[in-house]
Amino acid sequence: MDPSKAAKNIKDAVESTAEKAMDKAAEMATPEPPGRPGAEPASFEEPTEPREPLPPKPDQSSPDMRTATGAPAGTDENARTQQGAYLTTSTGARVRDSDHSLKAGPRGPILMQDHHFREKITHFDHERIPERVVHARGSGVHGVFEGYGTAADVTHAGFLQKGVTTPVFTRFSTVLGSRGSADTVRDTRGFATKFYTPEGTFDLVANNIPVFFIQDGIKFPDVIHAGKPHPDREIPQAQSAHDTFWDFVSLHTEAQHHTMWNMSDRGIPRSYRMMEGFGVHTFRMINAEGATSLVKFHWKPKLGVHSLTWEEAQLINGIDPDFHRRDLFDAIESGAFPEWELGIQVFEDNPEQEFAGIDLLDPTKIVPEELAPVQPIGRLTLNGNPTNFFAEVEQVAFHPGHLPPGIDVTDDPLLQARLFSYIDTQLTRLGGPNYNQIPINRPHAPVNDMLRDGYHQHADHAGVAPYKPNTLDGGCPFFAGADDRAFEDLPVRVAESTKVRENPATFDDHFSQVRLFWASMSPVEKEHIIRAYSFELGKCYDNTIKARQLQCLANIDPVLCSEVATSLGLPAPEPTVPLTEEVPSPALSQVGGTWPADGRMVGIVVDEDGELGGVEALKSTIFAAGMVPLIIGPHGGTVGGIEVQRTFATARSVEFDVLLLAGRPMPAPDSHGSRDDKGGAPSGPALDPRVQLLLDEVWRHAKVIGAWGDGTAALEAAGYSGQLPGVVTGDDAASVFTQVQELMASHRVWDRFPVAVS
Ligand code: HEM
């Protein structure tokens, strides 16, 4: 899509959201029809023509799951298309009045016979289903995946072959918080994608962090119990900054690697659109000749990997707790479709299942990309918002065991546990064993299983012999033959061994890769990590836990340990393991590159006396660059003929990626603190304090600032004069924006962060 169109659409989407809300409000304010309750409804309530049913969604155009079983197709194709013009009961009887219960007289009690009342209330009473036990807070979108064909040497999976396109549904999530928790908390993000392939569904249930807290899934309940709110007071929500989390990770030192990723900028993404994704485990692939390889999956975002600052993240949690959900929805609504490349690291399937001394079955280890490059194998484009959040986002059920032919699991003990856990939890969460019949979960391959009955069974199965072999149904359904593209459990050798509850010795090193991560960070990223540990441990009460975590940090890096120890006011211990020399992996750092600025938000401060001549032209330039200009004025409506989207009262810096000043708004005469006690002349700064706040925040958050005309005077009045990093001034809007754009490609003005470590 043309980027200028995309940006224009973002703007329209942002504005139309407000308009829609107003239309809705007006609609809801429609006066009651005249007449007494129960009287004939006034004719204006009745549409003259029944409305067209909604068109079927693209992702639901799959073959009906019952066609293969011979049962009638399309009987529920699907509930959403049954929306006729009239309000009905659940059994289709048209309803005349849904606002008044049936009573014994206008002032009497409700009658038991009011079946419409009882149905409405009963259904409402049962609307909630359990939220996910983890990853409860999330956003989901539809999309399409296109294979490049470059994986053909390692897998015969059909959806990865050249030019094959596959519909997908992706759900992003946080891990610890409840369904209503804020988006920009410090946490791991889920990145789960369901590929509806004609050979069976493939779920790539990934995270934005390539390692996991634990090596064996039997500890999963423990790490989650430690991260979730304390059981006595049920706080804190969606936070790792509390005693039980740090108690766990300091005792289970295998968690240190994942924990450092969480403490890094990866724990607070700028957007779901700007995150990497990782399959974490090593999977096995098989090609057409039957040769197997070990692989790790990676998602690489087109927009690069970017994060919020910690202060931004905290502000957003209050100002716009739905920040990531809104960002994703608006981008897709506007046509600025986010894209990722799927890539794989490929390893020889050797008996030890190791590469360069790294145990590939240990989910707390990465393989640096410099040692095994990520090979692109396809492209994901997310291009469709859900139309019903509950039906799609809440009911989608992923499972790492949903695999097509050509991809199989390995013996990674974390993955093995996951193969059990997802189905098990969904039995409860989605109310029984038939959740794969829910439209969002329905395979796009014909289904002919012999699973029968159970809660929420929608299939009307034909035949009398759901068992094999049988003669009564003519032997149906048949087993797939060698050429029928069936899923294959690869005949992998399992080591002859003794039953034990223990890890292999190769899982014992818990610190060298954490050192590798730390060594790969730029100074500013290291600074953020130190501050994150200092903040999180500073929120713990128990000094024993803090001291134990400091011991872990001493085993990672002495500077990291001493900086955090100083902040906590505790002694820095000596390491208890040898501090290995690690070769940095540049691929792990987020800093140093340049990326497209698609979809970025540009705030432009205007006032009546400002230099507004070039502002309309600037807006067009910004749209053309694929970004969104938002005019910030002293009041709503228009300023100097320019339409205002945000006022000084409604704008807050965290919404903008860059701030431009086209004027110098003075304090309003009645603004607090701008006049002395006797109502005399302004005594505060000669700039509206709300604009001062905007400037101070974008400065602190290392965002680009641009100004021209009176805007330059505003900068000076705010204390930002002279040659400052990331501050561009000039004679006119156009020349300033050209320089601003160049700086934006680096995401932030990194020079502006004070750095104590190198
Ligand atoms: C590499 C490690 C892991 C990754 C990458 C991962 C990823 C995810 C993701 C992305 C989701 C959210 C799915 C959605 O959006 O609906 C999820 C949910 C879940 N995960 Fe994991 N997880 C991991 C480890 C585990 C382990 C070890 C277990 C249990 C033994 C587990 C159990 C669950 C459960 C029960 C859910 C909720 C599923 C639902 O209600 O549908 N996960 N996980």
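Where a number appears in this text, it was derived from the coordinates with a stated rule and is not lab data. Predicted model only: the values in this text are computed from it and were never measured. As a convention, Cβ positions derive from the backbone with ideal geometry for all residues, glycine included, and neighbour counts pool all protein chains shown.
Enumerate the amide H contacts of Val205 below 5 Å, restricted to partners 5 or more residues apart or on another chain; note that Pro and chain-start residues carry no placed amide H.
Residues meeting the amide H criterion: Thr193.
Grab the other residues whose beta carbon is less than 13 angstrom from that of Ala532, score K and R as +1, D and E as -1, and report the net.
So the surrounding residues net to -2.
If I take every Cα pair under 8 Å that is 6 or more residues apart in the chain, average their sequence separation and divide by the length, what percent do I get for the relative contact order?
Across the chain, relative contact order equals 14 percent.
What FRET efficiency, computed as 1/(1 + (r/R0)^6) with R0 = 25 Å and r the Cβ-Cβ distance, is obtained for Gln457 and Thr165, rounded to the nearest 0.05?
Working from the Cβ atoms, E equals 0.20.
Limiting things to C-alpha atoms, what are the Rg and the maximum Cα-Cα separation (Dmax) for region 150-301, in angstroms?
17.8, 58
Given the -39500 (n - 2.57) contribution per DSSP H run of 4+ residues, what per-residue ellipticity at 222 nm results for the chain, rounded to the nearest 500 deg cm²/dmol?
Theoretical 222 nm ellipticity from helices: -8000 deg cm²/dmol.
Considering all alpha-carbon pairs of region 551-640, what whole percent are spaced by more than 18 angstrom?
Working: 2732 of 4005 pairs.
Taking all Cα-Cα pairs of region 551-640, the fraction more than 18 Å apart is 68 percent.
If you take the beta carbon distance between Met112 and Phe390 as r and set R0 to 35 Å, what does 1/(1 + (r/R0)^6) give as a FRET efficiency, to the nearest 0.05?
Numbers: r = 30 Å, r/R0 = 0.87.
Calculated transfer efficiency: 0.70.
For region 197-202, in order, what is each residue's ³J(HN,Hα) by Karplus, 6.51 cos²θ - 1.76 cosθ + 1.60 with θ = phi - 60°, in whole Hz (x at glycine and Pro)?
Each residue of region 197-202 in turn: 8, x, 9, x, 6, 10 Hz.
If each of Gln723 and Asp322 carries a label point 7 Å out from its Cα toward its Cβ, how far apart are those two points in nm?
4.7 nm
Mind scanning Lys302/Lys539; Lys194/Lys526; Lys194/Lys468; Lys219/Lys365; Lys219/Lys526 and naming the pairs with a C-alpha gap bigger than 26 Å? Each step should come with its number before you reach the end.
Numbers: Lys302/Lys539 36 Å; Lys194/Lys526 35 Å; Lys194/Lys468 30 Å; Lys219/Lys365 17 Å; Lys219/Lys526 30 Å.
Checking Cα-Cα distances, Lys302/Lys539; Lys194/Lys526; Lys194/Lys468; Lys219/Lys526 exceed 26 Å.
Once the Cα gyration tensor of region 387-514 is diagonalised, what are the square roots of 5 times its eigenvalues, in whole Å and ordered largest first, as equivalent ellipsoid semi-axes?
In descending order the semi-axes read 34, 24, 14 Å.
In region 399-445, if every C-alpha pair distance is counted and binned at 5 Å from zero, what percent goes to each bin?
In whole percents, the pair-distance histogram is 5, 18, 24, 23, 18, 11, 1.
Just name one of Pro443, Thr91, Pro236: the one whose Cα is farthest towards the positive end of the charge dipole of the chain (beta-carbon charges, Lys/Arg +1, Asp/Glu -1).
It is Thr91.
Name the helices (complete DSSP H segments) of the chain with a Cα length along the long axis of 27 Å or more and a Kyte-Doolittle mean of at least -1.0, or state none.
Answer set is 3-28.
Projecting each Cα onto the charge dipole of the chain (Lys/Arg +1, Asp/Glu -1 at the beta carbon, about the Cα centre), which of Pro386, Ala331, Val615 comes out farthest on the positive side?
Sorting the options by dipole projection puts first Pro386.
How large is the dipole of the chain about the Cα centre if only Lys and Arg carry +1 and Asp and Glu carry -1, each at its Cβ, rounded to the nearest 20 debye? Working shown, then result.
Details: 66 positive and 104 negative charges, 235 e Å.
Approximately 1120 debye in magnitude.
Taking the Cα centre of region 503-598 as origin and charging only Cβ (+1 Lys, Arg; -1 Asp, Glu), how large is the dipole, in debye to the nearest 20?
Working: 6 positive and 12 negative charges, 56 e Å.
Dipole size: approximately 260 debye.
In cubic angstrom, how much convex hull volume per residue do the alpha carbon atoms of region 79-126 span?
95 Å³
Around Asn383, which amide H atoms from residues at least 5 apart in sequence, or from another chain, sit under 5 Å from its own amide H, with H modelled in the peptide plane?
His142, Gly143, Val144
Along the charge dipole of the chain, which of Val606, Phe517, Gly636 sits closest to the positive end, that is, farthest toward it, with unit charges on the beta carbon of Lys, Arg, Asp and Glu (+1, +1, -1, -1)?
Gly636
Can you pull the Rg over Rh of region 606-663, Cα-only, Kirkwood?
Rg divided by Rh gives 0.93.
Where does each of 622-633, 321-332 land if you order them by average Cβ count within 10 Å, highest first?
Those peptides, ordered most packed to least, come out 622-633, 321-332.
Rounded, prolate or oblate: pick one for the chain, where a ≥ b ≥ c are the square roots of the eigenvalues of its C-alpha gyration tensor, a/c under 1.5 means rounded, and failing that, prolate if a/b is larger than b/c, else oblate.
Oblate, because a/c is 1.5 or more while a/b does not exceed b/c.
Count charges around Asp203 for me, please; just the other residues with Cβ under 12 Å from its Cβ, Lys/Arg as +1, Asp/Glu as -1.
Numbers: positive: Arg171, Lys194, Arg418; negative: none.
Around Asp203, the surrounding residues sum to +3.
For each of Lys162, Lys499, count neighbouring Cβ atoms within 10 Å of the residue's Cβ, then give the residues from fewest to most.
Result, fewest neighbours first: Lys499, Lys162.
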